[in-house]
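Student: One structure, pasted below without further comment.
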Amino acid sequence: GAVDPRERFTCAAHDYARHRPTYPGPLLERVLAEARVGPGDPVADVGCGTGILTRLLAARGLDVVGIDPNEA
């Protein structure tokens, strides 16, 4: 049967958060410049997983919401 997307990565979330590296600052700055977003702008991190990008965007002052079907 089909895998429930709300549970698909539950068993891997802890290891993913522990071992997944962050994204390079210069790459993130380039993406934000290309998207023309900056501090105070609203953004959605759809499929945010463990929230790595969500936290990086928030640290840069964006009004970010992380959205993921899997709570873990």
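The values are calculated or read from the model by the stated rules, or taken from the named source; none is laboratory data. The structure displayed is predicted, hence computed values, not measured ones. With ideal geometry, Cβ positions are generated from the backbone for all residues, glycine too; neighbour counts draw on all protein chains shown. When the accessible area is computed, the model is the full protein with side chains, heavy atoms only, and any ligands, DNA or RNA have been set aside. Shrake-Rupley method; radii C 1.70, N 1.55, O 1.52, S 1.80 Å.
Student: Could you list all residues from segment 50-65 that are open to solvent by 40 Å² or more (accessible area, probe 1.4 Å) and touching a strand residue (DSSP E or B) at 6+ places or on another chain (Cβ under 9 Å)?
Tutor: Residues satisfying the conditions are Leu53, Arg55, Ala58, Asp63, Val65.
Student: Among the helices (runs of 4 or more DSSP H) confined wholly to the chain, which include 2 or more residues that are modelled with pLDDT of 90 or more?
Tutor: Where helices (runs of 4 or more DSSP H) fall fully within the chain and carry at least 2 residues being modelled with pLDDT of 90 or more, they are 25-35, 52-59.
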